[in-house]
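The values are calculated or read from the model by the stated rules, or taken from the named source; none is laboratory data. Worth saying up front: this structure is predicted, and the values here are computed from it rather than measured. Cβ sites come from the backbone with ideal geometry, for glycine too, and all protein chains shown count toward neighbours.
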Amino acid sequence: KYITKSKVLPIASYKVKNRNTSIYETFEVVDGSYDPYGGTIVNHVWELYNESGSLIYTGNIPPSSFKNYGIGKYTMYLTVTNDRGMVSERFARSFFIIPDDEAPESMITPTSCDWTTSITVSVSFTDRLGSGFKHYEYAITESEEEPTEWSTISSKQTDTITINQEGILYLHIRATDNAGNVSEDRVEGPYKIDRSGPTPTLSYHPTEWVNDK
């Protein structure tokens, strides 16, 4: 708190929501600037400097994307002006723009089943560092070992897969994002599928002839 009888400068302040923001994510700040004298902040000036100290952006709003600037360490200064025309001191924070080097994550439900005639498995994908899910492929095999053959790719971020071939089976999932990261083989199961009915056995043991009337 400020208790003063004189006019004081406004205070420039902000926070970065994520100090390590992926180059594909939206860069977000929380503006905490204010005027201790009770006035209104009427203007913001944001200045962005790269790691070498070069000014690469200035404007009344902070940049929301760094795709044109690249990865690295940045420092951003903020200066504000109040409704009396008084200008704050510059306030600075440093942060990092990082690459998307993480593959998409998959959610699979259910992850196994006991004996049934078929099962529908729901799959969905997320990409934490922002380049976005691109596609996935799957395989249904009798082994937990990574398959050599996969289905055709699908760009559906939420999908269903029906398993209805007989046997004790495993579902393999592999996903790719727009940055080219490919997930490791995700394997779930076993899914136990039986589509054949029981085969009856008839035993016949002849005895002496009888007259059944």
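Values for this structure:
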| item | result |
| --- | --- |
| Among the candidates 83, 35, residue that is on the phi < 0 side of the Ramachandran plot and surrounded by fewer than 16 Cβ atoms within 10 Å (Cβ to Cβ) | 83 |
| Wholly enclosed strands (runs of 3 or more DSSP E) of the range 35-116 bearing at least 2 residues polar (S, T, N, Q) | 72-82, 105-109 |
| Residue in the range 3-13 that is among the charged types (D, E, K, R) and assigned to a loop (DSSP other than H, G, I, E, B) present | yes |
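Condition check ((1) touching a His at 6+ places or on another chain (Cβ under 8 Å); (2) surrounded by fewer than 17 Cβ atoms within 10 Å (Cβ to Cβ); (3) among the polar types (S, T, N, Q); (4) in a loop (DSSP other than H, G, I, E, B)) across all residues:
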residue: 138; (1), (2), (3), (4): yes, no, no, no
residue: 144; (1), (2), (3), (4): no, yes, no, yes
residue: 159; (1), (2), (3), (4): no, yes, no, no
residue: 172; (1), (2), (3), (4): no, no, no, no
residue: 179; (1), (2), (3), (4): no, no, no, yes
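Here's the yes/no breakdown for (1) of a type outside the set (A, V, I, L, M); (2) under 22 Å from residue 153 (Cβ atoms); (3) touching a strand residue (DSSP E or B) at 6+ places or on another chain (Cβ under 7 Å); (4) at pLDDT 95 or above:
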| position | (1), (2), (3), (4) |
| --- | --- |
| 87 | no, no, yes, yes |
| 90 | yes, no, yes, yes |
| 94 | yes, no, yes, yes |
| 107 | no, yes, yes, yes |
| 111 | yes, no, yes, yes |
| 115 | yes, no, yes, yes |
| 119 | no, no, yes, yes |
| 125 | yes, yes, yes, yes |
| 129 | no, yes, yes, no |
